[in-house]
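The values are calculated or read from the model by the stated rules, or taken from the named source; none is laboratory data. Here the structure is a predicted model, which is why all the values come from computation and not from measurement. Cβ placement follows ideal geometry from the backbone for every residue including glycine, while neighbour counts extend to all protein chains displayed. We work out accessible area using only protein heavy atoms, side chains counted, and drop any ligands, DNA or RNA first. Shrake-Rupley method; radii C 1.70, N 1.55, O 1.52, S 1.80 Å.
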Amino acid sequence: MWWDERVSARFRRNLQPTLTYWSVFFSFGLCIAFLGPTLLDLRCQTQSSLSQITWVFFSQQFCLLLGSCLGGVFKRTLAQSLFALFASSLAISLVFAIIPLCHNVVVLAVVMAVAGLAMGCIDTISNMQLVKIYQKDSAIFLQALHFFVGFGALLSPLIADPFLSDTNCILSNSTANASSNLPHIRKSLVPHHPGNLSHYDLPMKGMVVTRVSYAFWIMALINLPVPIAVFFLLYKERMVPCFNSSSHPLLSADELAMETRPAEKDDLSTAVQRPQAAGGHDDLFSCCQSKNFRGASYTYFAVHITGALVLFMTDGIVGEYSGFIYSYAVEEPLSVVHKVAGYLPSLFWGFITLGRLISIPVSYRMKPATMVFINVVGVLITFLLLLIFSYSVVFLFVGTASLGLFLSSTFPSMLAYTEDILQYRGCATTVLVTGAGIGEMVLQLLVGSIIHDQGSYSFLVCGMIFGGLAFTFYAFLLFFHRMYPKPSSDMDDASPDKPAVMDDTGQYQR
């Protein structure tokens, strides 16, 4: 195998929890990408205007950010985490099933807000649990986790595509004129920027003819095995109320014997770590409590802030590039045909998913810090070349693929690197997830406003600036890493080979 026996043995010991967290992240990806392609059909279903229906994007994204902030609340014990994941993944299946029944745009926005909260909890808890299980070996498993979100994000538009309307799905006297613009409108829909299509006049009253309900019901069925998998993990851990009369360890007798051999060393190291670890990996608001700041050096805060700012920029680039690349391509000077330009967002997300797949074996051989450096430098160089060859359609496709590859592994690599700096006792996961979510929302709104005022060329200029800021913040992170206090030898002994999902005393949390 391309990884060593120690990591392989650790993966086998934690096979069911790891696969469960990966499957839950597939559920996250399935839910995050369906809204854009289906939004026009949902507009018909709710008989709303384009400006009204695009606010559903904001409802989902805002609550996703809120859920990411609050996700750590359910991280106190393994039981709370698994019940939160079960409820969240089940809620996503229910949302898919309920969406076809939403005939009012406000009701649809509320349903998508529930989906956003569930997605935010999944995002924070799954990352936290994998970091807690694998610690210094977590990079490779985080890369795999984020591959599954990319896979889900690719799959849901493919499921929806056969059921999307080819003509306007509200039949009225103006249907013929509006239908010719439909493919362009569908590709131009941009999250969080509801005013960009207000000049299109689509009918709001008439007979609704859409088959998009079938796509949502199919996605509900595809997602259903995910909450079932979480329930089986709860059952195995004897956390289901009807079956919690006795508890048993996650490990078999032989594996448990192997894990208990270094017990004396672990007891000593956990005793050293316990006072410092008590406040780690909490929700965002608990992380901000003053008791967690006592005795912390300025570098402790600097690592959290600079790590979050790097992801604020890189995830913001993902959001703004995927949202506006089509609009940029069809405008002058490129003037790409609408149908050809429509492949650009798919190319971008396809190479993000491919990059995450490639990063799984690469992350085992390469340190997370090196991967992040390659990513941010690659993003900066790609935007520079896109600006230089801004009149080349061919290079626009090449640059889009390149940008997807470089951005693909930034988040999991940065998460693994930052947690490693903080010796898994900070609030890095919560802070980084929140920073990335805020960046995706804010930079998309900002770029949409700038393009509206300054023209399409400013799209690449903004990307170049954001890439430069990401590199700058990463340079500061490297500086603060050098300044951060090194762990003592006792803490070095502690580490990563403890059994999965344990509390600070070495006991499984219930």
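Given the peptides 98-106, 37-45, 456-464, 404-412, arrange them by the average over their residues of other C-beta atoms within 10 Å, most packed first.
The most tightly packed comes first, giving 404-412, 37-45, 456-464, 98-106.
Tell me which residues come under 5 Å, amide H to amide H, from M239 once H is placed; ignore anything under 5 positions away on its chain.
Amide H neighbours of M239: none.
In nm, to one decimal, how far is the A9 label point from the D453 one, both placed 7 Å along Cα→Cβ?
Going from the A9 label point to the D453 one covers 6.1 nm.
Would you mind putting 320-329, 132-141, 46-55 in packing order, based on average other-beta-carbon counts within 10 Å, highest first?
320-329, 132-141, 46-55
Counting only protein heavy atoms and a 1.4 Å probe, tell me what percentage of region 296-486's accessible area is made up of carbon and sulfur. Write down the numbers at each step before the final one.
Working: 5340 of 7390 Å².
Of all accessible area on region 296-486, carbon and sulfur atoms account for 72 percent.
Which whole-number percent gives the relative contact order of region 296-486, counting Cα pairs below 8 Å spaced six or more residues apart?
44
Would you mind checking the radius of gyration and Dmax of region 296-486 based on alpha-carbon positions, in Å?
Considering region 296-486 through its Cα atoms, Rg and Dmax are 16.9, 56 Å.
Once you have the Cα-Cα distance between F301 and V393, take 0.36 nm times their residue separation minus that, and quote the gain in nm to one decimal.
Extending this stretch completely gives an extra 28.7 nm.
What are the ³J(HN,Hα) values, in whole Hz, obtained from phi via the Karplus relation 6.51 cos²θ - 1.76 cosθ + 1.60 with θ = phi - 60°, for each residue of region 93-104 in sequence order, with x given for Gly and Pro?
With coefficients 6.51, -1.76 and 1.60, one gets 4, 5, 4, 4, 6, 8, 3, x, 8, 8, 10, 10 Hz.
Can you put E332, E237, E440 in order of accessible area, largest first, using a 1.4 Å probe?
E332, E440, E237
Subtracting the Cα-Cα distance from 0.36 nm times the residue separation, let me have the gained length for V442 to S346 in nm, one decimal. Don't jump to the answer; show the numbers that get you there.
Working: separation 96, 0.36 × 96 = 34.56 nm, distance 2.25 nm.
Residue separation times 0.36 nm, minus the Cα-Cα distance, leaves 32.3 nm.
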